[in-house]
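To start, the structure under review is shown below, and the notes come after it.
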Amino acid sequence: MANRTPFYNHHLEANAKMVDFGGWDMPLHYGSQMDEHHIVRTKAGMFDVSHMTIVDVEGIDSTAFLQFLLANDVAKINIPGKALYSGMLNDDAGVIDDLIVYFLTNESYRMVVNASTQEKDLAWINLKSHGFNVKLTHRADLATLAIQGPESRQLAMLAMNDAQRAKAEPLKPFFAAQAKDWFIARTGYTGEDGFEITIPLTDVDSFWSDLLKAGVTPCGLGARDTLRLEAGMNLYGSDMDETISPLEANMAWTVDLKDAERNFVGRASIEAQKQAGVLTKLVGLVLEGKGVLRGHQKVIIPNIGEGEITSGTFSPTLKVGIALARVPAATGEQAYVEMRNKQLPVRVIKPGFVRNGQQVF
């Protein structure tokens, strides 16, 4: 039987279509994936992300450990609540996972990593912690909802008490605050403003109910995927994995090489790749005509070579086919996608199509 989040019964009560996602029973949609997508772009929707893996890192070596474990440098985040996005690499610089890490104190951090790779991630983190004076705690005792959309913060704060609201209201993007046993982060995976709020299990029923009363709509994995793809955000297992380096996954900005003394896992391979030059890159594609771009469709770049779509969909916001694709590094602005024995023209852009409800290319 698949794992179930603490919100499972609430999904059933809301008539969700449940599917298996990385070993978890999760809602695909609650009736209309398209409606849920538009609700997040125009008002506010909530996503159950309790399947994500939360790991608290504590101890006098916490900073040194994370500087070794992650390609980005946690020395950048020395303000309580500040968040940092990073890849966790293997020795060959392949992406074991991407994650967000929050600075809490000089000796404590919180990491949030993907759900479908939980066992692998936890094993790797524990393995690499050997020799460091740290305590690692997998927080399976918590639940998380992501409330996203232009009205999300306003409506989410209606479901908070005064103390929680006082912590949430002044938060800047990519910061978090603790309100007793609530962890409120101004982060998300949709290209919209919002919160990701982690709560104790005792508050699950009341928080869900209060958000519904405030006018926040439950949304499923289907809308989450079209929203993140419009925002140009990678999906682990599709757009990058253990065989792909950050330099090939539009994640070069998450690799910090400034401190020559910092030896992080995969650094030697990253430096070798930078010196040699990578052969591929991750780009955005916009279909010039009608159609839907799908994962694994062939991308043809005349006189250069071929690539492949890693994630594709029909953009509900832009009403065109969009995709992320891994293509030869020399690819310019024009290419073709092979679809039903035809080669359809696509425009090649930097990954990212919609932010805050607006076209960005």
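With small (Gly, Ala, Ser) and surrounded by fewer than 20 Cβ atoms within 10 Å (Cβ to Cβ) as the only criterion, which of ALA93, ALA64, ALA71 stands out? I'd like the intermediate steps shown before the answer.
Working: ALA93 fails: surrounded by fewer than 20 Cβ atoms within 10 Å (Cβ to Cβ); ALA71 fails: surrounded by fewer than 20 Cβ atoms within 10 Å (Cβ to Cβ).
Every option except ALA64 fails the conditions.
Could you tell me whether any residue of segment 103-118 is more than 19 Å from VAL265 (Cα to Cα), in contact with a Pro (Cβ under 9 Å, 6 or more places away or on another chain), touching a residue at least 12 places away in the same chain (Cβ under 8 Å) and crowded, with 22+ Cβ neighbours inside 10 Å?
yes
Which of (1) aliphatic (A, V, I, L, M); (2) within 19 Å of the chain's Cα centre (by Cα); (3) assigned by TED's automatic domain parsing to the domain that holds LYS43 does ILE244 not meet, given it meets every other one?
Condition (3) is where ILE244 drops out.
For segment 335-361, what are the residues that are in a strand (DSSP E or B), free of Cβ contacts under 8 Å to residues at least 24 places away in the same chain and over 26 Å from the mean Cα position of the chain (by Cα)?
Within segment 335-361, the first condition is being in a strand (DSSP E or B), and the residues that meet it are 335-339, 342-349, 354-355, 358-359.
The next check asks that each one be free of Cβ contacts under 8 Å to residues at least 24 places away in the same chain; those that pass are 342, 358.
Within segment 335-361, just LYS342 meets the criteria.
Which residue pairs have Cβ atoms closer than 7 Å, lie 6 or more positions apart in sequence or on different chains, and pair a first residue in segment 309-325 that is without any contact (Cβ under 8 Å) to a residue 12 or more places away in the chain with a second residue that is in a strand (DSSP E or B) and not acidic (Asp, Glu)?
Between residues of segment 309-325 that are without any contact (Cβ under 8 Å) to a residue 12 or more places away in the chain and residues that are in a strand (DSSP E or B) and not acidic (Asp, Glu), there is no close pair.
Condition first: under 30 Å from ASP35 (Cα atoms) and surrounded by 16 or more Cβ atoms within 10 Å (Cβ to Cβ). Now tell me which residues in segment 327-346 satisfy that.
Result: VAL337, MET339, LEU344, VAL346.
Please name all residue pairs, on different chains or six or more residues apart, with Cβ atoms under 8 Å, provided the first residue is in segment 67-79 and is within 11 Å of THR254 (Cβ to Cβ) and the second residue is of a type in the set (A, V, I, L, M, F, W, C) and part of a helix (DSSP H, G or I).
ALA71/ILE270
Residue by residue through segment 58-111, note down the ones that are within 17 Å of the chain's Cα centre (by Cα) and basic (Lys, Arg).
The answer is LYS82, ARG110.
Could you tell me whether segment 253-271 includes any residue that is of a type in the set (Gly, Ala, Ser) and not in a loop (DSSP other than H, G, I, E, B)?
Taking segment 253-271 as the starting set, the residues that turn out to be of a type in the set (Gly, Ala, Ser) are 260, 266, 268-269.
Still in the running and not in a loop (DSSP other than H, G, I, E, B): 268-269.
Yes, because at least one residue in segment 253-271 is of a type in the set (Gly, Ala, Ser) and not in a loop (DSSP other than H, G, I, E, B).
Considering only segment 309-334, how many residues are over 20 Å from MET240 (Cβ atoms) and in a strand (DSSP E or B)? Steps first, answer last, please.
The initial filter retains those residues of segment 309-334 that are over 20 Å from MET240 (Cβ atoms), namely 314-321, 330, 332-334.
Narrowing the set further to residues that are in a strand (DSSP E or B) leaves 314, 321, 334.
Within segment 309-334, residues that are over 20 Å from MET240 (Cβ atoms) and in a strand (DSSP E or B) number 3.
Restrict the check to segment 34-46 and report whether at least one residue is over 22 Å from ALA159 (Cα atoms) and part of a strand (DSSP E or B).
no
The values are calculated or read from the model by the stated rules, or taken from the named source; none is laboratory data. This one's a predicted model, so the numbers in the text were calculated from it and none came from an experiment. Neighbour counts are summed over all protein chains in view; Cβ atoms, including those assigned to glycine, are modelled from backbone coordinates with ideal geometry.
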